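Peer 1: Sending over a structure as structure tokens; questions will come in a sec.
Please treat every number below as a calculation from the coordinates, not as lab data. This structure is a prediction, so every number in the text was calculated from the model and none was measured. Cβ sites come from the backbone with ideal geometry, for glycine too, and all protein chains shown count toward neighbours.
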Amino acid sequence: MKEKNNTITQLNDVVVRFAGDSGDGMQLTGSLFSDVSAILGNDISTFPDYPAEIRAPQGSLGGVSGFQARIGTSGVYTPGDYADVLVAMNPSALKVNVKNIKSNAIVIIDSSAFDESALKKGEFKTNNPFHELGLDRVDVFEVAITEMVRESLKDSQMSIKDIDRCKNMFALGFILWLYNKDIKPAELELKAKFRKKEKVLQANLKVLTDGYNYGQNTHASSVTYRIDGRDHLPGNYTDISGNKATTLGFVAAAEKAGVQLFLGSYPITPATDILHELAKLKHLGLKTMQAEDEIAGITTAIGASYAGALAITSTSGPGLALKSEGLGYAVMTELPLVVVDVMRGGPSTGLPTKSEQADLLQALYGRNGESPVVVIAAKTPADCFDSAFEAAKIALEHMTPVVLLTDAYIANGASAWRIPVLIEYPSINPPYVQEHFTEDRPWTPYLRDKDSYVRYWAVPGTPGYEHRVGGLEKDSETGEISTNPRNHHRMIGLRAEKVQRIASSLPELEVLGDKDAEVLMVGWGSTYGHILTALNEISAAGRSVAMVHFKYINPLPKNTEEVLRKYKEIIVIEQNSGQFAKHLSGAISGLNLHRYNVIEGQPLKVKGIADEVLNLMDTKEESKI
């Protein structure tokens, strides 16, 4: 808190967590709060945290769904370690989330729902859940939400069940009042969502206003808060989830390349939204196919690629395992293909709705034979747009499969996003044979550009370039099937070198923080915001530390070894058991890597990272004494 002005306190940021039963609409409530904040100029970062069970018993501990949103004026890179405000719609929501809030948090409860039956479902032994949970320092707002919503809509001719579905809007209205947010953007969002359900729309609008007015008219809190937006670069802003940004990145790439977009995919949590979002855009001429299984998903995409399309298939960890043979086939045929792996907790079915970075080695090496592919990883929900665009550009220009790694955290989470201007993005130029092959000899399908080692793309139907490709090894010159030992060795080398030469077109690693520090923090993918925040906090405490973050995993940026060898101590921070550290050690010999690994299905905690790094720094300084 920076300053107080009568009853309004100015804040830089706040973390709000909405929690309730899976049917209480907490995901919608959190999304609307985030949308309103983004529209009003705030930075945002969100984290939907919901169970895998389709429907656990109502009011039970297993059925609690949560949505955490951090909004701020600046410096918002994560959804926050712990919430400043918890909205708990029932006792189970309070109990499940007690570990996710600060000791002095504001807790808003629907007091109507804290009856004897609900307390029993939450496995409380007394009628004082706050004392039982040791929440002696929290500031509790008891609001009879269910009771007031039922009274408000008693003449609506809606059933009690339908009326209760509106109580999440009362909570949203109350939070908007508490943080001095304009209610109109929320009203517009509701009008768009329920435009075909007039009765539902009017009920939700009324209850939203009731919640706002309840706070204002009863002076429910002696202090309210304000978090200003800030001036951003000119442009249009919205908030966007990682999965939606991924789909739009592919659409933009297809437009830039002048090719048709095809997605062949089988539904799997948490990647299914990519299929859903692209299917909504069929009016743009793209094609989507819900395949009968993962194997069909990737093989239909390979067929579309052979026919000249930007071919995509999306999945999550178990699906990537099933696609491995198809992915190897795309390596062998050297066709452009993007495989999106939205990582989740594993192995096997694992934690379908939880986040993890544990598919990295599978993406890099999970195929038979020598089968190199490009692997890149998105940093934030908004960065999924650029990452998808870059994955498509690399695949199309270098005739290679690309695995794009995101995870449940950034795929379902959202961040503020400046809608890009497509003309500012680079062109995409596939190596069409009729335009790029200039040698004075007959063309065959595995002849390559002498610098990039990329084979030329002869789209079927191009006169004079009839050919065949397939899973059997081909002669590098004639393109005919070959079992010649020397040719096989040569082709393996050509395919690997083609991928490595892509590094020359990638951005170099950028060191953030104190470039002269002794300790370097290293991360990749979705841990970007957490490591950056830890860097800022450690630096603000007067300690010297640096960080690099890898978006390009294979090939690595060409200055990787030069950067890493400058630092005495390197700590690799991952949400797995150290897979990227293994990859780095294999690529660069003699590195002394420390590891920080937490695999809990939840985003990393900034405090945990900072404590680990500070402990390493203290240990090294003590050893010098």
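Peer 1: Across the range 51-113, how large is the tail of the calculated P(r) beyond 14 Å, expressed as a percent of all Cα pairs?
Peer 2: 60
Peer 1: Taking just the alpha carbons, could you work out the radius of gyration and Dmax for the chain, both in angstroms?
Peer 2: Radius of gyration, then largest Cα-Cα span, for the chain: 26.6, 87 Å.
Peer 1: Could you tell me the distance between the Cα centroids of the range 550-575 and the range 1-73, to the nearest Å?
Peer 2: Going from one Cα centre to the other spans 35 Å.
Peer 1: Next question, about the same structure. At a 10 angstrom cut-off on C-beta neighbours, averaged per residue, how do the peptides 610-623, 70-83 rank from highest to lowest?
Peer 2: 70-83, 610-623
Peer 1: With +1 on each Lys and Arg Cβ and -1 on each Asp and Glu Cβ, how big is the dipole of the range 21-150 about its Cα centre, in debye rounded to the nearest 20?
Peer 2: Rounded to the nearest 20 debye, it is 200 debye.
Peer 1: Taking Cα atoms, how many degrees apart are the long axis of helix 606-624 and the longest axis of the chain, rounded to 10 and kept between 0 and 90?
Peer 2: 70
Peer 1: Within 10 Å, count the other beta carbons around each residue, average over each peptide in 341-348, 432-439, and list them highest first.
Peer 2: 341-348, 432-439
Peer 1: Compute, for the chain, the length of the dipole vector about the Cα centre, with Cβ point charges of +1 (Lys, Arg) and -1 (Asp, Glu) only. Units Debye, rounded to 20.
Peer 2: With Lys and Arg at +1 and Asp and Glu at -1, about 520 debye.
Peer 1: Using the Cα centre of the range 525-606 as the reference point, and only Cβ charges (+1 on K/R, -1 on D/E), how large is the resulting charge dipole? Debye, rounded to the nearest 20.
Peer 2: For the range 525-606, the charge dipole is close to 160 debye.
Peer 1: Report relative contact order for the chain in percent, whole number only (criteria: Cα-Cα under 8 Å, sequence separation at least 6). Mind showing how you got there, number by number?
Peer 2: Details: 1328 pairs, mean separation 70.8, N = 625.
Relative contact order, the chain: 11 percent.
Peer 1: Listed here are the pairs LYS379/LYS582; LYS120/LYS199; LYS161/LYS206; which of them are more than 24 Å apart at the Cα?
Peer 2: Working: LYS379/LYS582 20 Å; LYS120/LYS199 35 Å; LYS161/LYS206 17 Å.
Listed pairs above 24 Å: LYS120/LYS199.
Peer 1: Per residue of the range 440-456, what does 6.51 cos²θ - 1.76 cosθ + 1.60 with θ = phi - 60° give for ³J(HN,Hα)? Whole Hz please, x for Gly and Pro, Karplus curve as stated.
Peer 2: 8, 7, x, 7, 10, x, 10, 6, 10, 5, 5, 8, 8, 6, 7, 6, 7
Peer 1: List the chymotrypsin sites (Phe, Trp or Tyr not before Pro) within the range 172-274 that DSSP assigns to loop and that have no more than 12 neighbouring Cβ atoms inside 10 Å.
Peer 2: For chymotrypsin sites (Phe, Trp or Tyr not before Pro) across the range 172-274 that sit outside H, G, I, E and B with at most 12 neighbouring Cβ atoms in 10 Å, the list is empty.
Peer 1: Moving on. Looking only at the range 403-554, where both bridge partners belong to it, what percent of the DSSP beta bridges are antiparallel (to the nearest 5)?
Peer 2: Among the beta bridges of the range 403-554, antiparallel pairing accounts for roughly 40 percent.
Peer 1: Follow-up. Please give me, ordered by residue number, the trypsin sites (Lys or Arg not before Pro) of the range 438-533 that lie in loop per DSSP and have at most 15 other Cβ atoms within 10 Å.
Peer 2: Of the trypsin sites (Lys or Arg not before Pro), the ones in loops of the range 438-533 whose Cβ has at most 15 other Cβ atoms within 10 Å are LYS450, ARG468, LYS515.
Peer 1: Here's another thing I want to ask about it. Rank by packing, highest mean first: peptides 585-591, 47-53, with packing defined as the count of other Cβ atoms within 10 Å averaged across residues. If you can, show how the numbers build up before the last one.
Peer 2: Working: 585-591: 11.9, 47-53: 20.0.
So the peptides 585-591, 47-53, ranked by packing, come out 47-53, 585-591.
Peer 1: Let me ask another. Using the Karplus curve 6.51 cos²θ - 1.76 cosθ + 1.60 with θ = phi - 60°, work out ³J(HN,Hα) for each residue of the range 482-490 in order, rounded to whole Hz, and write x for Gly and Pro.
Peer 2: My calculation for the range 482-490 gives 9, 10, 4, x, 5, 5, 4, 4, 5 Hz in order.
Peer 1: Treating the angle as unsigned and between 0 and 90°, give the value, to the nearest 10°, between the Cα long axis of helix 324-333 and the longest Cα principal axis of the chain.
Peer 2: 40
Peer 1: Related question: Percent antiparallel among DSSP beta bridges with both residues in the range 1-129, to the nearest 5?
Peer 2: Of the beta bridges lying entirely in the range 1-129, close to 70 percent run antiparallel.
Peer 1: For the range 99-156 and the range 507-544, what is the separation of their C-alpha centers, rounded to whole Å?
Peer 2: The range 99-156 and the range 507-544 have Cα centres separated by 40 Å.
Peer 1: For VAL402, what residues show an amide H to amide H distance below 5 Å, using hydrogens built from the backbone and excluding near sequence neighbours?
Peer 2: LEU337, VAL338, VAL339
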